[in-house]
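Contents: one structure, followed by commentary.
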Amino acid sequence: MGFLNVGFFGGSFDPPHKGHEEIASLAIDLLELDILYICPAGGVTEKKKPAASSYKKRLQMTNQTFSSLPKAKVVNWEQGKVPSYTYDTVASLIERKKTPTNYFVIMGADSFLNIRSWKKYEQLCSLVRIAVFPRKGISDQLVKGFANDLKQTSSCFDKLVFVEKDVSNISSSEIRKKIQ
């Protein structure tokens, strides 16, 4: 038996949208994932503000958004954890898996540019490969330059994967503003 390819896609998903769905679908296909765990953040996100919607509502919306996507599984691993951290959740996932596995953390370029503010970000990248998806308005040159800076201080960033596909330019905050 070969290695499993397992992805982890976390975020506030407040609300989840077509861009999130596109990233998940591309990640499954391009990274040849056997499963992609999609996990709404339990509490305060890297943006340092609480989600507008309750965890229960975000979990429900996330389930609806990804229900038709093969190999995607919405999980509530961060429910009740305030704040919640990707490192803790992914480390726990890795501890539970007993089969040989390649792990990927899926994120947009905007999240990647803020990774230095993440809890134990260097330890996280030593456990997994980071797959970075483009965001309109964030130049490829900026992202690659930032990645080169990271590589100067930590060899674990040699395992980055940059996805070169266009993804819908929409954000959860834009959706919330339109609803209001």
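The values are calculated or read from the model by the stated rules, or taken from the named source; none is laboratory data. Everything quoted here is computed from the prediction, not taken from an experiment. Cβ: placed from backbone, ideal geometry, glycine included. Neighbour counts: every protein chain shown. Please note that ligands, DNA and RNA were not included when accessible areas were found on the heavy atoms of the full protein model with its side chains. Shrake-Rupley method; radii C 1.70, N 1.55, O 1.52, S 1.80 Å.
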Could you work out the helix-only [θ] at 222 nm for the chain, with each DSSP H run of four or more residues adding -39,500 (n - 2.57) and the total divided by the number of residues, to the nearest 500 deg cm²/dmol?
-11500 deg cm²/dmol
With springs connecting C-alpha atoms under 10 Å apart, model the chain as a Gaussian network and identify which of LEU26, LEU142, LEU93 has the largest mean-square fluctuation.
LEU142
In Å², rounded to a whole number, the accessible area per residue of region 31-138 with probe 1.4 Å is 51 Å²
For ASP34, what charge total do you get from the other residues with a beta carbon under 14 Å from its beta carbon, if Lys and Arg give +1 and Asp and Glu give -1?
+1
How much of the accessible area of the chain, probe 1.4 Å, is carbon plus sulfur, in whole percent?
48 percent
Per-residue counts of other Cβ atoms within 10 Å, averaged by peptide: what ranking do you get for 3-10, 30-37, highest first?
3-10, 30-37
Region 1-149 - Kirkwood radius from inverse mean 1/r over Cα pairs (Å)
15.7 Å
How high is the FRET efficiency from ASN76 to LYS159, r the C-beta distance, R0 30 Å, rounded to 0.05?
0.60
Post the alpha-carbon centroid distance, region 130-159 to region 18-37, in whole angstrom.
19 Å
Given a cut-off of under 8 Å on Cα pairs at least six residues apart, what relative contact order in percent is computed for the chain?
26 percent
As a quick test, which of the pairs LYS71/LYS159; LYS18/LYS57; LYS18/LYS73 have an alpha carbon distance above 19 angstrom in this structure?
LYS71/LYS159
